[in-house]
Amino acid sequence: MRTAAKRTRWGGIADRPLHSTGRFRVADEHGIAWLVDPDGGRFLSMGVNTVRFDQDEIQGTKLAPYAEHCWHKYGGIERWRAAVAERLARWGFNTLGAWSDEAVAKAGPPLAIAPNLDLGMSFAWARNNEDRLAPRHEFPDVFDPAFATHVIERTHERCAPRAAEPAVIGWFTDNELRWGPDWRGPEELLTLFLNLRANTPGRRGALEWLRQRHADIPAFNAAWGTKAHAWDDVATVSHFAPRHHRDPPYLRDAKAERDANRAEPARAAFCADCDDFAAMVAERYFAVTASALRDADAGHLVLGSRFAYPPAAAIVDAAARHADVVSFNCYDPSPAGALAHYARCGRPLLIGEFSFRAADSGLPNTRGAGPVVADQAARAAAYRDYVTRALRHPHVVGCHWFEHADQPAEGRFDGENSNFGTVSIDDHVYVELTTAMTDLNAAAEALHGAAAAGA
């Protein structure tokens, strides 16, 4: 249960007067970051993702086992919403994370919300649907003038009508954009743009960027493995295969990278091209999305695009220049390494996803991110350690658990089949885990406040 401290209706600590704006905002007190809720309370966003009745159809079907169990248990969605709202409040949560049924936020004690808008990827998906035979847009084409138009229209459609809603903490612009090599493939962001269909703005923009960067064609050929005699020849290359392959950032050994680049200057030139291009794209992406959001809804926070893993510092810096909060997902056993990377940008930090799975759950746990621990007791212990470390960091303003209910054993739309839930597929509560959640939610402000003293 929550501590006996006086609290606002949003759950924020009301132990000293803070300026109230009627919306969520960020504040710094002696070097420690906080959210301030609409009533002026010191607030840490403790949330759960995907709180919804219709969570997870079995891959390739319309069967939703969690929903089926809840129909039998509650008799309808309204009773489910009320029960879940009461349960989340009892566990001390104050926020509905991304992809949640927002009606739950009003079905009991008020919960804050933090929706994901997919501003960039909705543009990429639309382009892919226009021509299913063309190379796929794996990242929004920030060179396309229609990108900014799309973002402006989407923010005015989705955010402007909600500008007066106090429950909205802010808006996530996207989730887990592909900034380079990762689990989705080895391609660099630059080669993804270069290999778009000819005459797309993204390919033209990437080629022009390289042309301005490389006056020396022989040096470009060495770095890129091309045989161009002049720059016009480069533009005729139909497919750019990466001359050098790098591990994803989360597997990359910094010393090995430095040694490889010293030994082969052409490799260093190729890697610098890829890194500097990604930084330039990040600047464009975050500038356009943040500007559109503030124009449509100046009262709510820009929470940025949730990073899937710590990308290059220049990409994080671009997010920090434009967002109010830098958001990231971190499925490591501890958030310490990720926090050290992101904290350098100086912005408040929000962990948008983290989780632990248990081998005793009866689920396969063969698809999905994060550690698999022995049992539910170990899962609760891992949660306690992770959240304690996060809250003791002075820049952290929230942690959102992934997710409300377990995934189907047969796999959801992408095959994930893991024990991520606070409840099982038949809505039975994981008592050890939710007890740990209740304890940490009650202690959140005290843990975070101690960070200012170096705890």
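Values quoted throughout were computed directly from the atomic coordinates according to the rules given, and no laboratory measurement underlies them. What you are looking at is a predicted structure, and each value in this text was computed from that prediction instead of being measured. Here Cβ is always computed from backbone atoms with ideal geometry, including for glycine, and neighbour counts include all displayed protein chains.
The calculated FRET efficiency for the pair residue 366 and residue 426, based on their C-beta separation and a Förster distance of 22 Å, comes to about 0.60.
With contributions of -39500 (n - 2.57) from each DSSP H run of at least four residues, the per-residue ellipticity at 222 nm computed over the chain stands at -12500 deg cm²/dmol. The trypsin sites (Lys or Arg not before Pro) found in segment 108-146 that occupy coil by DSSP, while having at most 12 further C-beta atoms within 10 Å, are 132.
Shape class for segment 141-185, computed from the alpha carbon gyration tensor (a ≥ b ≥ c): oblate, with a/c not under 1.5 and a/b at or below b/c. Can you list which of the trypsin sites (Lys or Arg not before Pro) found in segment 214-293 are DSSP loop residues with at most 14 other C-beta atoms within 10 Å? Passing both the DSSP loop test and the Cβ count: 227, 252. Given [x] -0.38, -0.92, -1.07, -1.23; [y] -0.32, -0.79, -0.94, -1.09; [z] -0.70, -1.07, -1.13, -1.19, which label gives log10 I(q)/I(0) by the Debye sum over Cα atoms at q = 0.07, 0.11, 0.12, 0.13 Å⁻¹ as computed from the coordinates? Correct label, based on the coordinates given: [x].
The spacing between segment 70-140 and segment 335-371, judged by their C-alpha centroids, is 19 Å.
As a proxy for reagent exposure, ranking 388, 95 by other Cβ atoms within 10 Å from fewest up yields 388, 95.
Tell me the chymotrypsin sites (Phe, Trp or Tyr not before Pro) within segment 399-433 that lie in a loop according to DSSP and have at most 16 other beta-carbon atoms within 10 Å.
When the chymotrypsin sites (Phe, Trp or Tyr not before Pro) of segment 399-433 are filtered for loop state and at most 16 Cβ neighbours within 10 Å, 413 remain.
Residues whose amide H falls under 5 Å from that of residue 26, counting only those 5 or more places apart or on a different chain, are 36, with hydrogens built in the peptide plane. Net length available on complete extension from residue 388 to residue 219 is 55.8 nm, with 0.36 nm assigned per residue and the Cα-Cα distance removed.
Annotation: Cα Rg of segment 215-296 relative to the compact-globule expectation 2.2 N^0.38 Å equals 1.40. Here segment 145-209 and segment 279-307 have alpha carbon centers that stand 10 Å from each other.
Neighbour counts of other Cβ atoms within 10 Å put 217, 169 in the fewest-to-most order 217, 169. A simple charge model with +1 on the Cβ of Lys and Arg, -1 on the Cβ of Asp and Glu and nothing else charged puts the dipole of the chain at about 720 debye relative to its Cα centre. Once the chain from residue 125 to residue 165 is taken as fully extended at 0.36 nm per residue, the excess over their C-alpha distance is 11.5 nm. Each of 414, 174, 360 was scored by other Cβ atoms within 10 Å of its Cβ. Arranged with the fewest first, they read 414, 360, 174.
Fully extending the segment from residue 212 to residue 253, taken as 0.36 nm per residue of separation minus the present Cα-Cα distance, adds 11.7 nm.
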